[in-house]
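Before we start, here is the structure in question, set down as C-alpha cells.
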Amino acid sequence: MLCLGIETSCDDTGVALVENGRVRDSLLASQANAHAIFGGVVPELASREHSRCLALMFDALLKRNMIEAKSIDVIAVTRGPGLLGSLLAGIAFAKGLALAFEKPLLGINHLHAHLLGAGIDRKLIFPALGLVISGGHTEIYRMESPERFIRLGRTLDDAAGEAFDKVGKFIGMPYPAGKEMDELAQRGDPFAFQFPLAYTRNENLDFSFSGLKTAAINLAKIMDKGADTLANFCAALNKAVADSLSIKIERALKTQQDINALYIAGGVAANSHIRRRFEQLSQRENLELLIPALPLCMDNAAMVAYTGHILAEAGFYHGLELEAVPRGRKIPDDLCHE
Ligand code: KG4
Ligand code: ZN
C-alpha cells in the first residue's frame, strides 16, 4: 500500500510517501524565515504559502520517486488542529487528488500523527501513554489503539514550546527560539536559577506554562546578558519545563497501571534535557520509550502518511465531506469503517 501524506497545519508544508509502513520519501518546506520578521506565524501568509508550494512539492515528490499519481492508494491529510486557512489549503488539495484519481481520503489528527510518528520503524505498543509537546499544544493521552486516544490532560494556557518561543523572543532570539535556547543551554548550569513549577501541586494532569514564562521574562529583565548567564538561564528553563512535564507523566502512570510504553512527540521532544529526562524515567519505570529522531519531532508529512497507512490498513476512511477543525475545537470521531 502506498500512502500519500499532506501536512499544512501551521507554517510547514509537507508531502510524504509511506509504502507498506516504511517512509519512502518526505519533503518539507519551512516558512520559518517568512514569519520570523513578524516574530510569530502570520496565518494568512501561511495559507498563501501552502497554496503556492503544495502542487509544486507534490509534483517533485512524484518525479523523484518516478511514480504516477494514480499509483497512490490512499491520500492522508492533516485535518486539525491547526490554523484554519492552512488546514483548508491542504484539505482542498487532498480532496482534488481524491476526486481526480478516485482514491480514498483520510483526515488525520495532527496530534495523533505526532505520537504515532514516534513509532515509525518501531513496533507500536498499546495501551500507551502519549505526551505531545509542541509550539501550540501540550497534551497527555491514553493511547488505546491507533484510532482511539483518550485525552487525560492539557495545558490551561501556554504550550511548552510557546514558553520557549516567547521567552526567547524577549531575550532577542529569532522565532521559533526553542532549538537555539536548547543549544545555548548545553553550556549552562540548570541549577544556577530556580524557576517556579506552576500548577504541579494538585491532583490533575493539566499543565500551566504561562507563570513560568512570566517568571523567566521577569528574571531576564534584571539579569546581566553575558554569555554564561544566558546559558545558565536557558539550562534552568529547560530543567523547569522537563520537571513540570515529568511530574505529570509520573502522576499519569500511577492512574494508568496497565501502560507499558511512553510516546513523546512534537517539536519540544527535540529538547536535549527533556529527552534525557524521559529516557531516565522510562528506564526507571520499565517502559518502552518511543520518541522520534530529531527531524521527525517537528511538523512533517511522514508522520501523516504513516498514520494514514495504519488507519487505512485497519479499514478506516473519510468521505469527501471531511472538514478542517481549527485549534480549540474538538475533532469529531467521524472515521468510517469498511
Ligand atoms: O511540532 P512543531 O514543529 O510545531 C507545532 O505543531 O507547534 O513544534 C514547534 C515547537 C516550537 O515552539 C519550537 O520552539 C519548539 O518546538 N522546539 C524546541 C526545540 N526544538 C523545537 N523547544 C525546545 N527545545 C528544542 N530543542
Ligand atoms: Zn505539530
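Every number in this text was worked out from the coordinates using simple rules, so none of it is lab data. Remember, it's a predicted structure, so these values are computed and weren't measured experimentally. Heads up, the Cβs are rebuilt from the backbone with ideal geometry, glycines too, and the neighbour counts pull from every protein chain shown.
Less than 9 Å Cβ to Cβ from S272, Lys/Arg counted +1 and Asp/Glu -1: what total charge do the surrounding residues give?
In short, 0.
Rank the residues T307, T200, T255 as a footprinting-exposure proxy: fewest other Cβ atoms within 10 Å of their Cβ go first.
Fewest-to-most ranking of T307, T200, T255: T255, T200, T307.
While we're looking at this one, here's another question. Given a Förster distance of 56 Å, report the FRET efficiency between S272 and E102 from their Cβ-Cβ distance, rounded to the nearest 0.05.
0.75
Excluding N300 itself, calculate the net charge of residues whose Cβ lies under 10 Å from the Cβ of N300, where each Lys or Arg counts +1 and each Asp or Glu counts -1.
-3
Summing +1 for each Lys or Arg and -1 for each Asp or Glu, what net charge is found among the other residues whose Cβ lies under 12 Å from the Cβ of G315?
Net local charge, G315 excluded: -3.
Suppose a student asked you for the relative contact order of the chain, using Cα pairs under 8 Å spaced at least 6 residues apart; what percent would you report?
After rounding, I find 25 percent.
Now for a separate question. Considering Cα pairs under 8 angstrom that are at least six residues apart, work out the relative contact order of the stretch 53-140 and quote it in whole percent.
The value is 25 percent.
Give the lysines reachable from K254 as a straight Cα distance under 25 Å; neighbours fewer than 8 places away on the same chain don't count.
By straight Cα distance, K254 reaches K123, K239.
Quick one: which residues, 5 or more positions from D25 or on another chain, have an amide H under 5 Å from its amide H? H modelled 1.01 Å from N in the peptide plane, none for Pro or chain starts.
So D25 has HN proximity to L17.
Say the cut-off is 28 Å between C-alpha atoms; which of K103/K179; K63/K169; K179/K225; K179/K330 go over it?
Checking Cα-Cα distances, K103/K179; K63/K169; K179/K330 exceed 28 Å.
In addition: Distance in nm between label sites at F191 and R48, each 7 Å beyond Cα in the beta-carbon direction?
Between F191 and R48, the simple spin-label model gives 5.2 nm.
Starting from 0 in steps of 20 Å, tell me what percent of the Cα-Cα pairs of the chain lands in each bin.
Bins of 20 Å from zero give 32, 56, 11, 0 percent of pairs.
Kindly provide the helix-only [θ] at 222 nm of the chain, computed as the sum of -39,500 (n - 2.57) over DSSP H runs of four or more divided by all residues, to the nearest 500 deg cm²/dmol?
-13500 deg cm²/dmol
If you take the beta carbon distance between L2 and L253 as r and set R0 to 45 Å, what does 1/(1 + (r/R0)^6) give as a FRET efficiency, to the nearest 0.05?
0.75
Over what distance in Å are the Cα centres of the stretch 34-53 and the stretch 168-222 separated?
If we compute the Cα centre of each part, the gap is 26 Å.
Please report the spacing between the Cα centers of the stretch 95-136 and the stretch 256-290 in Å, no decimals.
Between the Cα centre of the stretch 95-136 and that of the stretch 256-290, the gap is 19 Å.
To continue, here is another question. Could you put R24, R187 in order, starting from the residue whose Cβ has the fewest other Cβ atoms within 10 Å?
R187, R24
How far apart, in nm, are two points set 7 Å out from the Cα along the Cα-to-Cβ line at E180 and at N218?
Placing both labels 7 Å along Cα→Cβ, they lie 2.6 nm apart.
Per 0.36 nm of contour for each residue apart, how much would the distance between A34 and N202 grow if the chain were fully extended, relative to their Cα-Cα spacing?
56.4 nm
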